[in-house]
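To keep things clear, I will list the structure first and then write my remarks on it.
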């Protein structure tokens, strides 16, 4: 029994322990369950929030894709690039070269699906989404150590992918693709032009030369390509240089366009020569001289940034190379506010025996330090009086300040050997033209002997240097002053080819068109000038003349006023404003301008004539007579002055005195219609209708458009009751002036009378 009891107790003990363990485990499980429930609740909330965010993002993406479907298309490009990256670099399984090329080709073609190509660099940059994808492609190709030839694309596709690489500034890859495009299609001009652009910017002039040669095979008469290669081959013995010059001559163009370009070409050639000398004693190919040569040619080609890099490399190699410092000064001077730095470079170049006087004077003048520029040139000429370039420039600076006599004295002081320069003769010609202009401003007449002297000077300059654009421009102006418009036009065409950017070219062309009567072309050229010349009095003056001749008098007054605001002493602008104001019936303004002119230029014949005309329109006949007699004292044979004097005398009832000046006017100029007309009026006053009729007929012969003379003829015939002849005379008036009411009314009267006469004389039944 005891044993049984012990057994039961033991069993209960075991069960109790088991139950206790089970309870403890249950409590643990419940705690874990509670913790898991809390976590699940939190996760549920996070998942809900995330779901909401994803839903919002999805809707945003849908919106973007709906507005820009191209973005959705580019996702396929992204997948292709991702696949290429995975296959080429991430799977760890070696693949063949052909497989690599196929993978890269597929990625490139996916990009090209979305890029049709463009020759406009701005359009390439604006292609949405392609820039980053193109960068990924270039990175893939670079890491895979591929070349453009490894990508199996057509010539056109290579060109397009090159354009994309060019837009993201992957120039190595761009150049490689353009090169491959040209290999596949030698006629692809666009690829070659893009390739040459990269080579130009990089300063790879040898490669650029090869590209230009290939371009000439496609476009043999492209003037820009011929000129660019002419720059690269300047002073070269290469047969292509001779070929290009012949082609340019045949096309009516020149290899170099300006004096500045010629100077840079000289720098390049000098550096080249020094480089050859240096190479004889050294195996170094990248010498300072070669970098200066490269920089000069880069500047000629318009690559200023590349030129700066090249010239800095030259100085790094040889800090005592004077040409490098001179060219650096020129480059620095292109930047605003860096005149002092440019002058420092010039001083350094000068200390190294470099010729810098012209460049220094130009930089100082551009900084409005004309006095300093003059001082530099004068100091130089004391030691080098035969320097024609420096002397010509000094004369030019004095002329720009209005010191005509000083400018001429500088030229006259030149030794004989200095006159072997075209620049000296150009400057002499310019001074002669300025003298003629001054004479015109003083008297109203051009000094033709001065014009002839100018023409001789310009012709001499052309004999010395046929590529002097300024000589051709001066010759054109001198010929225009002589009235030789056809020859002037030929000279202007030559000048524009040589110095296309010279501001005086469109102005001179506009003046020539005005003088030859082509108002429409003159207007177009004057508008061209306004784009490059601001606040230039000549531009507004020319536009004022155009407006006046087109009948827009108020507009012309505004233009002439603008000219006088800029240059109050502009004689022709004030004279023309007075004339326009007279026609516009603003007699107060007209008389004010005329008085200013006569007071400032008492020998100016046209100014006095215009003043007399204004006074006559005001009815101040006696004052007009005083002006006219002073005019005739200056020039007793001034035909229009004689006519006006006769008119004044008639108006003042001094008809007996009027016949003498009118007779003299006719004798002086028998083709002056107004002289015949005024004398006809005088004869009418005298009752000499037959003599008057003869003079009116002579007036019409001299000027068929003289309406007043035709009216007088018709009136005399009408009063003489010679209505048949009168009828024809009135018709002649209407031919000239269709709106003349008197002529139309009198013609009707004559027609009715003649018709009635015919009816009266007709036989009766």
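What follows draws every value from the coordinates through simple rules; no lab data is involved. The shown structure was predicted, so the numbers you read here are calculated from the model rather than taken from an experiment. Cβ coordinates were reconstructed from backbone atoms using ideal geometry, including for glycine residues, and neighbour counts include every protein chain displayed.
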Label-point gap, in nm, between residue 83 and residue 600 - each point 7 angstrom along Cα→Cβ: 8.2 nm
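Assuming a ≥ b ≥ c are the square roots of the Cα gyration tensor eigenvalues, decide whether region 636-703 counts as rounded (a/c under 1.5), prolate (otherwise, with a/b larger than b/c) or oblate.
Values: a/c = 2.03, a/b = 1.01, b/c = 2.01.
Oblate is the answer for region 636-703, as a/c is 1.5 or above yet b/c matches or exceeds a/b.
Evaluate E = 1/(1 + (r/R0)^6) for residue 566 and residue 663, where r is the Cβ-Cβ distance and R0 equals 45 Å; express this FRET efficiency to the nearest 0.05.
Values: r = 46 Å, r/R0 = 1.01.
For residue 566 and residue 663, the calculated efficiency is 0.50.
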D (Stokes-Einstein, µm²/s), Kirkwood Cα radius, region 425-574, 1.567 mPa s at 4 °C: 82 µm²/s
In range of the label at residue 466: residues from region 477-517 whose backbone nitrogen is under 17 Å from the point 7 Å along Cα→Cβ: 490-499
Inter-probe distance in nm under a simple model that places probes 7 Å from Cα toward Cβ, at residue 728 and residue 442: 5.5 nm
612, 756, 388 arranged by Cβ crowding within 10 Å, fewest neighbours leading: 756, 388, 612
FRET efficiency, 1/(1 + (r/R0)^6) with R0 60 Å, evaluated for residue 519 and residue 102 via beta carbons: 0.30
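For residue 487 and residue 721, calculate 0.36 nm times their separation in residues minus their Cα-Cα distance, and state this gained length in nm to one decimal. Can you show the working numbers first?
On the way: separation 234, 0.36 × 234 = 84.24 nm, distance 5.49 nm.
Going from the current span to full extension adds 78.8 nm.
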Stretch gain in nm, segment residue 224-residue 528, where the contour uses 0.36 nm per residue and the Cα spacing is subtracted: 107.2 nm
Cα centroid separation - region 554-625 against region 127-200, whole Å: 68 Å
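How far, in nm, would the chain grow between residue 145 and residue 403 when pulled straight, counting 0.36 nm per residue and subtracting the alpha carbon separation?
Values: separation 258, 0.36 × 258 = 92.88 nm, distance 6.95 nm.
Stretched out fully, the residue 145 to residue 403 stretch lengthens by 85.9 nm.
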Per-residue Cβ neighbour rank within 10 angstrom, fewest leading, 101, 177, 345: 101, 345, 177
Alpha-carbon centroids, region 637-667 and region 402-481: separation in whole Å: 41 Å
Region 284-362: relative contact order as a whole-number percent, Cα under 8 Å and 6+ apart: 24 percent
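Taking R0 as 56 Å, what FRET efficiency do you get between residue 412 and residue 653 from their Cβ-Cβ distance, rounded to the nearest 0.05? List each step's numbers first, then the result.
Details: r = 58 Å, r/R0 = 1.04.
About 0.45, to the nearest 0.05.
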Mean-position separation - Cα centroids, region 680-703 and region 487-506, in angstrom: 49 Å
Residues 499, 446, 113, 462 arranged by fewest to most Cβ contacts within 10 Å: 113, 446, 462, 499
Inter-label distance for residue 187 and residue 201, nm, one decimal - labels placed 7 Å from Cα along Cα-to-Cβ: 2.9 nm
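For region 75-202, compute Rh as the Kirkwood radius over C-alpha pairs and then the Stokes-Einstein diffusion coefficient at 25 °C and 0.890 mPa s; write the answer in µm²/s, rounded to an integer.
Numbers: Rh = 14.6 Å.
Using the Kirkwood radius from Cα pairs, D works out to 168 µm²/s.
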